[in-house]
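**Q** Submitted below is the structure of interest, expressed as structure tokens.
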Amino acid sequence: MSINQFQLAELTRRKFLGNVTSGLGGIGLMQLLSSSASAEQSAWQPGRGQTHHQPKAKRVLQIFCPGAASHIDLWEHKPSLAKYHGKPLPGEENFVSFQGKNGNIMQSPWAFTPSGESGKQITSMLPHMAKHVDDIAFIHSMHSETNTHGPGCVFMNTGHPTEGFPSAGAWTSYALGSENENLPAFVAITDTRGEPPNGKANWSNGYLPARHQSIMMSDQRSIRNLTRPGSISEAEDIASRKLLAQLNGNFAAANPAESDLQARVAAYELAARMQLSAPEVSDLSRETSETHKLYGTQDENSLKAAYARNCLLARRLLERDVRYVNLYCASRASGVDGLLNWDAHKTLKADYERHCPIFDQPTAALLTDLKQSGLLEDTLVLWTTEFGRMPTHQAGTAGRDHNPDGFTCWMMGAGVKPGVSYGATDEFGRRAEINPTTVWDFYATVLHLLGFQHEQLTWYHNGLNRRLTDVHGHVIKEILA
């Protein structure tokens, strides 16, 4: 009898099953050790500046005009509005939109003028912005999932129309981390008139760790809780922080899943460092008189001057490598439509003659400053609003109702093809018709320029690998340089 035959003869069913069990366990252990080692060596690590591919942009400036700024009165020229002014919109003569029945087609109150070498036509109400059209990639075929301001703003910022999801800035903070340990990775600069619709949900961390939420700043509102009380000496403050750091460290080591506590600890530590850095970055007196004149920070229009100072603050944050800056021009809707934001239901002409001068010079100055300083080479600039407006006038008014079916956003800067217009609405600006584009496409493109595959930038939450682009999104290759 051979050795193998002898071994088989001695092998009982109990021994066989026991050997199989341990053998499979060994194979599993080898697999785990192997995959763990390879993962440790090659897995992408969020928050360490590591990307999926070579990025074009290092940071993002997102300018947001809440209230649904009208695409057909600002950025997308529609000659048919003038041609058919006063006539019913074909096929939608009795259309009922957000606030009720619509009237007839209404032309823009202002002329559109060819601008730049490209001859791109934008409203004559934005003469300073007209100087930048050759650097901008306009996306004229955006459409939204909602026609309500709060959900619309949140959708444009987070890729979801309901609250509780991380904003694009929070995703960027999570993915890239901070390049400046003395300043936040993500800052929201609110307008002097107030927060946008749905407020802080627009810059929330959602289900991401709490440290990725935005810090709110503005020239009009200093960061709270940075100054040491006069009754506490510097030595006492330092000793207290050391003891607190030791206690927090012990607790964090024993409770590694407590991300809220860790975020709070990180926030307090950041606040301590910001006691020195934040006053410096927000001190606009360090800028030259020429710079202040360029932005219009001393303009007699107090709202324009306030927004201009916020634009200047945004540039100072970007040049100090803050990863994501949300800059708002206007705020929540008020009892009088169009007074505090771009929601021109009743008096479009008067409303936009109020808002355009506030927006135009300071924004254009910020773009000029970024370009002249070289920051635009690796800064991605976005202009966004929550949806568009109807080509008709709202019945009984001289304003326009909400239109989620077609509107304009644009990009500029790092990795963006300059002077192009992508997509279009129909001849009246009613619906996205050529290359319809979603918010998810928009952010798939943003993440691509930051160096990420949008399908791979995920966070596990409630049984799903969640992402900024939900389960949608395609990179808009036509606007890439």
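**Q** With respect to G406, is the statement that it is under 22 Å from K83 (Cα atoms) and in the same structural domain as A364 (by TED's automatic domain parsing) true? Reasoning before the result, please.
**A** On the way: under 22 Å from K83 (Cα atoms): yes; in the same structural domain as A364 (by TED's automatic domain parsing): yes.
In short, yes.
**Q** So, one more: Could you check segment 386-402 and list, in sequence order, the residues that are of a type in the set (S, T, Y) and either in contact with a Cys (Cβ under 6 Å, 6 or more places away or on another chain) or in a loop (DSSP other than H, G, I, E, B) (or both)?
**A** Once the filter is applied, which keeps residues that are of a type in the set (S, T, Y) and either in contact with a Cys (Cβ under 6 Å, 6 or more places away or on another chain) or in a loop (DSSP other than H, G, I, E, B) (or both), segment 386-402 yields only T397.
**Q** I'd like the full set of residues that are among the aromatic types (F, W, Y), closer than 29 Å to P88 by Cβ and in a strand (DSSP E or B), limited to segment 403-440.
**A** F407
**Q** Only one residue in R316, R320 is outside any helix (DSSP H, G or I), modelled with pLDDT of 80 or more and closer than 20 Å to R59 by Cβ, so which one is that?
**A** Just a single option satisfies the conditions, and that option is R320.
**Q** Please go through segment 39-72 and give me each residue that is hydrophobic (A, V, I, L, M, F, W, C) and either buried (at least 18 other Cβ atoms within 10 Å of the Cβ) or at pLDDT 90 or above (or both), ordered by number.
**A** Within segment 39-72, the first condition is being hydrophobic (A, V, I, L, M, F, W, C), and the residues that meet it are 39, 43-44, 57, 60-61, 63-65, 68-69, 72.
Result: A57, V60, L61, I63, F64, C65, A68, A69, I72.
**Q** Then there is this: Can you find a residue in segment 90-103 that is more than 30 Å from H52 (Cα to Cα), in contact with a Ser or Thr (Cβ under 8 Å, 6 or more places away or on another chain) and in a strand (DSSP E or B)?
**A** yes
**Q** Within segment 328-355, count every residue that is assigned to a helix (DSSP H, G or I) and crowded, with 22+ Cβ neighbours inside 10 Å.
**A** So the count comes out to 4.
**Q** Oh, and also: For segment 184-192, indicate whether the set of residues that are assigned by TED's automatic domain parsing to the domain that holds N403, over 18 Å from the mean Cα position of the chain (by Cα) and modelled with pLDDT of 90 or more is non-empty. Break it down into steps so the answer makes sense when it comes.
**A** Step one: of segment 184-192, the residues assigned by TED's automatic domain parsing to the domain that holds N403 are 184-192.
Add one more test, that the residue is over 18 Å from the mean Cα position of the chain (by Cα), and what stays is 192.
In the following step, the residues that additionally are modelled with pLDDT of 90 or more were identified as 192.
Within segment 184-192, one or more residues are assigned by TED's automatic domain parsing to the domain that holds N403, over 18 Å from the mean Cα position of the chain (by Cα) and modelled with pLDDT of 90 or more.
**Q** Right, next: For segment 88-101, state whether one or more residues are free of Cβ contacts under 8 Å to residues at least 60 places away in the same chain and crowded, with 22+ Cβ neighbours inside 10 Å.
**A** no
**Q** Going residue by residue through segment 365-385, is there one that turns out to be crowded, with 24+ Cβ neighbours inside 10 Å, part of a strand (DSSP E or B), over 17 Å from the mean Cα position of the chain (by Cα) and touching a residue at least 60 places away in the same chain (Cβ under 8 Å)?
**A** No: segment 365-385 contains no residue that is crowded, with 24+ Cβ neighbours inside 10 Å, part of a strand (DSSP E or B), over 17 Å from the mean Cα position of the chain (by Cα) and touching a residue at least 60 places away in the same chain (Cβ under 8 Å).
**Q** May I pose another question? Quick check, is S144 assigned by TED's automatic domain parsing to the domain that holds T469, under 30 Å from E258 (Cα atoms) and under 17 Å from the mean Cα position of the chain (by Cα)?
**A** So S144 does not fit the description; no.
**Q** Filtering segment 198-220 down to residues that are assigned to a loop (DSSP other than H, G, I, E, B) and in contact with a Leu (Cβ under 9 Å, 6 or more places away or on another chain), which residue is surrounded by the most Cβ atoms within 10 Å (Cβ to Cβ)?
**A** Among them, the one singled out is S218.
**Q** Of these, D426, D441, D470, D401, which one is free of Cβ contacts under 8 Å to residues at least 24 places away in the same chain and either closer than 28 Å to P166 by Cβ or out of contact with any helix residue (DSSP H, G or I) (no Cβ under 7 Å at 6 or more places or on another chain) (or both)? Talk me through it step by step, then tell me what you get.
**A** Values: D441 fails: free of Cβ contacts under 8 Å to residues at least 24 places away in the same chain; D470 fails: free of Cβ contacts under 8 Å to residues at least 24 places away in the same chain; D401 fails: free of Cβ contacts under 8 Å to residues at least 24 places away in the same chain.
Unique residue meeting the criteria: D426.
**Q** Among G463, G451, G473, which is small (G, A, S), exposed (fewer than 14 other Cβ atoms within 10 Å of the Cβ) and in the same structural domain as G388 (by TED's automatic domain parsing)?
**A** Answer to the selection: G463.
**Q** Among the residues of segment 296-310, what is the count of those that are within 14 Å of Y328 (Cβ to Cβ) and either among the β-branched types (V, I, T) or modelled with pLDDT under 95 (or both)?
**A** Matching residues across segment 296-310 total 0.
The values are calculated or read from the model by the stated rules, or taken from the named source; none is laboratory data. Bear in mind that the values here come from a model prediction, so they are computed numbers and not experimental data. Positions of Cβ are generated from backbone atoms using ideal geometry, with glycine treated the same way; all protein chains shown enter the neighbour counts.
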